[in-house]
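Some notes on the structure that comes next.
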Amino acid sequence: MDSPSSRFACTRIVKGGILAVSILVTLGTGELVVRSLGLVPSVKPLVVSEDTTVYKRSTNPILSIELKANYRDDDADSRRSYRRTNAYGQRDIERKVEKSSGIQRILLLGDSVVEGHGIGDIDRTMSRQLESLYPDGKTEMLNFGVSGYCTRAEIELLEVKGLQFQPDAVFLVFVENDFRNFNPEAFQLGETADRPKVIKGLFLHSVLFRLLCLKLNLFQFGAEADPVRWNKRAIGDNNVVDGLSRLVELAERDGFEPVIAVWPSFTDDAIQDVHFMPNRSDELVIERLARMFGIRCVRLSAYFAQHLVNTGRSVNPRLHYTQGDQMHPSEEGCRVAAGALKAIVETVQSPVASPVGSLRHDISDVEAIAAAQAQGGQVPSYAITYNNLGNKLAAAGRLDQAVECYRLALQANPEFAKTHNNLGMSLQLQGDVMAATRHFRRAIEIDPNYGQAHLRLGHALESQGQLDEALLHCRLALQIAPDNAAAHYRVAVILIGTGRAEGAGKHLQEAARLKHSWVAPINTAAWLLATHPNANIREPREAVRLAQQAAALTHRQDATVLDT
C-alpha cells in the first residue's frame, strides 16, 4: 500500500508534467500564431566585419556607438576610420587617468567637429592644436568627440568615461545639429554582446522568441535590429535641455566648470550663428538655455570673424575654415578654434574660486525649453542607417547587398544626396555607368556644392568619352575642395586625354604632394615629364625623383570614399 508521502510525490510529478505540457502547448501555439500572422521580420544576415571602421556599437542606448579602444589603421580614410585611438577609446594621445599635481585638465566634448572628422593628422585636430599652445606641459586638452552625438549623448559620454580623468573644466562644443534627439550614426555595427549559442539559436529559429527580443530589447537584439528607435527612446524628446541639466548636476557633484562654445556655420561669404530664439535676432536658443542653467556660453563666430578681418584679404569662409561642407573644420579652422578656446580657457576660474553652487539660476524658462524642443522636432530617418550599412557592405565588396541598402535609404529619404552618390559609386563598380551617372547628377541637383559627387560624375563622364563636361565637374570639385588630391589627378588625366598636357603637370604634382603615398599621380607625372617637355613641371630632374618615389612605394589604387 502506497504511503501518503509517495502519493504526494506522484501528485507533484503529475502536476509538474501537466504544467510543462501546458507551457509547451502555449509556446507552440504562440509560435504558430506569430508565424501565421507574420508579426516578426525575418533574419537578414547583413552583419559584416568591423575591421574597416573605428566605430563599434555601444550597449549604452544613449550613446548607440563608441570609438574602439586601441584601434589602428595605417590606411585610414579619416572619416570611417582613423590611424589610431587611445586605450580609452578616444581620438587622442595616450592619457593617464590620474592627474598629476599642478596640471590643468580640460575636456572637450562634442561630435565630429571635435573628433576631427576628415583630418588625418591627429596633431592637427582641435584638441591637439589647443594643447600645443601650452608648451610648458601643464595644461592637457582631452578629446572626447564622437561623430553624430547629440548633447545628451555627449554628457552621457562625459559621465561614463570622462569624469574619471578629473577635469577642471568641460568645454561643450555645441553644433547646430545637436538639437536632434537621436544620434544619426546609429547604424548596423554587428553584435553588442557575446551571447550563448542557445540564445542565438532561439533567435534564429523561434519567431516567438525573436518577437519578444525585438519588442523588449532582450539580450540587446532590439537595439541591433532597430538602433534608431532604441537610441531615440533612450535620449527623449528634448535632449539639449536634459543634457545641460545633467551637465550641471555633474559639475556640482564633481567640481568642474562647464562652458559652452557655440560652433558657427560657414558659408561662401559669411560666418553665422543659427537657431535664434523665436522673434529674436540677438539671442540664440542655446544661449538662453545656458543662462537658464547658469552655464557660461561663448560664440566662436566672433573669433573667426576677427581672424577673417586680420587676414587682410578676400577669403571664402567655407573653403578656408571648413572642409567645404560648412561645418567640419579644416586644419586651419581647427587652428583658429584652438586660439579662440585658449582665450576662453584663460578666463576659466577654478572650482574653488567659482563655486558650482552658483549654477542653475532660472530653471523655469518655458519659452527657451519650448524653443529647444521645437528645434529637435526632426524625425530620425532610417536613410542614414541604411546608407551607412550600405557603406560597410560596399567596403567589404558585397556590392549587390550594398545597392539594396542604398535603395532602401532612398525609399526613406529620396532627397539624400550622399546616398545618391554612394549608390552611383556602387553601380559604377558594377559596370552600370549610365545608372551611376543619373545618381551623381541627382546628388548635385540636391546639393550643388557636393564636391565628391562632382568628382564622381566627372569620372563617369570621362569613361563615356564626354571629356569637356567631365573636366568641368572635376574643376568644380576642386573649387569646392582645393585640397582634393583625387580631383587634381582626374583633372590632369583629362587634360592629357584632350591634348592639353602642358596644364596637367601642376595638378599631378599637387596630387602627389597632398597624398604622398599615392602611386598613380607620381607615375603619371614621371611619364609626363619624360614624354612632354612642356608639361609645366619645375625641372627635368623632378622626373627622376618622382619615378624613384613611385618605385619605392607599394602599388595601391585610389580607395573608394563613401559618404556617411
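The values are calculated or read from the model by the stated rules, or taken from the named source; none is laboratory data. The shown structure was predicted, so the numbers you read here are calculated from the model rather than taken from an experiment. For neighbour counting, all protein chains shown are included, and Cβ atoms are generated from backbone atoms with ideal geometry for every residue, glycine included. Areas reflect the complete protein model, heavy atoms only, side chains present, ligands, DNA and RNA absent. Shrake-Rupley method; radii C 1.70, N 1.55, O 1.52, S 1.80 Å.
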Exercise. Report yes if Ala370 is in a helix (DSSP H, G or I), small (Gly, Ala, Ser), modelled with pLDDT of 90 or more and touching a Phe, Trp or Tyr at 6+ places or on another chain (Cβ under 6 Å), otherwise no.
Key: no
Practice problem: State which residue is nearest to Lys56 (Cα to Cα) when the search covers only region 155-176 and only residues that are open to solvent by less than 10 Å² (accessible area, probe 1.4 Å) and in a helix (DSSP H, G or I). | Solution: Leu157
Quiz prompt | Output for region 80-98, where each listed residue is surrounded by fewer than 16 Cβ atoms within 10 Å (Cβ to Cβ) and either in a helix (DSSP H, G or I) or of a type in the set (Lys, Arg) (or both) | solution = Lys96
Quiz item: Going by the conditions given, is Pro414 over 26 Å from Asp121 (Cβ atoms), at pLDDT 90 or above, within 27 Å of the chain's Cα centre (by Cα) and outside any helix (DSSP H, G or I)?
Solution: yes
Quiz prompt | Among residues of region 62-79, those that are in a strand (DSSP E or B) and surrounded by fewer than 18 Cβ atoms within 10 Å (Cβ to Cβ), counted | solution = 1
Quiz item: Regarding Glu257, is this residue open to solvent by 10 Å² or more (accessible area, probe 1.4 Å) and within 18 Å of Gln373 (Cβ to Cβ)?
Solution: no
Quiz item: Any chance region 290-300 includes a residue that's under 25 Å from Ile65 (Cβ atoms), of a type in the set (Gly, Ala, Ser), at pLDDT 85 or above and out of contact with any His (no Cβ under 9 Å at 6 or more places or on another chain)?
Solution: no
Quiz item: When region 308-324 is examined, which residues are found to be open to solvent by 40 Å² or more (accessible area, probe 1.4 Å) and not polar (S, T, N, Q)?
Solution: Leu308, Val309, Gly312, Arg313, Leu319, His320
Exercise. Take Asn217 and decide whether it is surrounded by fewer than 20 Cβ atoms within 10 Å (Cβ to Cβ) and at pLDDT below 70.
Key: yes
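Restricting the search to region 124-136, which residues are touching a helix residue (DSSP H, G or I) at 6+ places or on another chain (Cβ under 9 Å) and in a loop (DSSP other than H, G, I, E, B)?
Going through region 124-136, the residues touching a helix residue (DSSP H, G or I) at 6+ places or on another chain (Cβ under 9 Å) turn out to be 124-134.
Across region 124-136, the qualifying residues are Thr125, Leu133, Tyr134.
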Quiz item: Using beta carbons and a limit of 6 Å, which pairs, at least six apart or on different chains, have the first residue in region 456-482 and in contact (Cβ under 8 Å) with a residue 24 or more places away in the chain and closer than 19 Å to Ala501 by Cβ and the second one open to solvent by 30 Å² or more (accessible area, probe 1.4 Å) and outside any helix (DSSP H, G or I)?
Solution: Leu467/Thr498
Self-check item: First in region 324-343 and hydroxyl-bearing (Ser, Thr, Tyr), second anywhere and not in a helix (DSSP H, G or I), Cβ under 6 Å, 6 or more apart
Solution: Ser330/Thr322; Ser330/Gln323
Quiz prompt | In region 260-294, residue least open to solvent (accessible area, probe 1.4 Å) [restricted to those that are within 27 Å of Asp325 (Cα to Cα) and in contact with a Cys (Cβ under 6 Å, 6 or more places away or on another chain)] | solution = Ile260
Practice problem: Considering (1) at pLDDT below 75; (2) open to solvent by 10 Å² or more (accessible area, probe 1.4 Å); (3) part of a loop (DSSP other than H, G, I, E, B), say which one Phe187 fails and leave the rest. | Solution: (2)
Quiz item: Does region 110-132 contain at least one residue that is at pLDDT below 95, of a type outside the set (S, T, N, Q) and over 30 Å from Gln452 (Cβ atoms)?
Solution: no
Quiz item: Which of (1) farther than 20 Å from Val241 by Cα; (2) touching a strand residue (DSSP E or B) at 6+ places or on another chain (Cβ under 9 Å); (3) in contact (Cβ under 8 Å) with a residue 60 or more places away in the chain; (4) surrounded by fewer than 24 Cβ atoms within 10 Å (Cβ to Cβ) is the odd one out, the single condition Gly116 does not satisfy?
Solution: (4)
Practice problem: Restrict the check to region 141-154 and report whether at least one residue is open to solvent by 10 Å² or more (accessible area, probe 1.4 Å), aromatic (Phe, Trp, Tyr) and not in a helix (DSSP H, G or I). | Solution: no
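Please go through region 373-394 and give me each residue that is open to solvent by 60 Å² or more (accessible area, probe 1.4 Å) and at pLDDT 80 or above, ordered by number.
Keep residues of region 373-394 that are open to solvent by 60 Å² or more (accessible area, probe 1.4 Å), which gives 373-375, 378-379, 382, 386.
Residues satisfying the conditions are Gln373, Ala374, Gln375, Tyr386.
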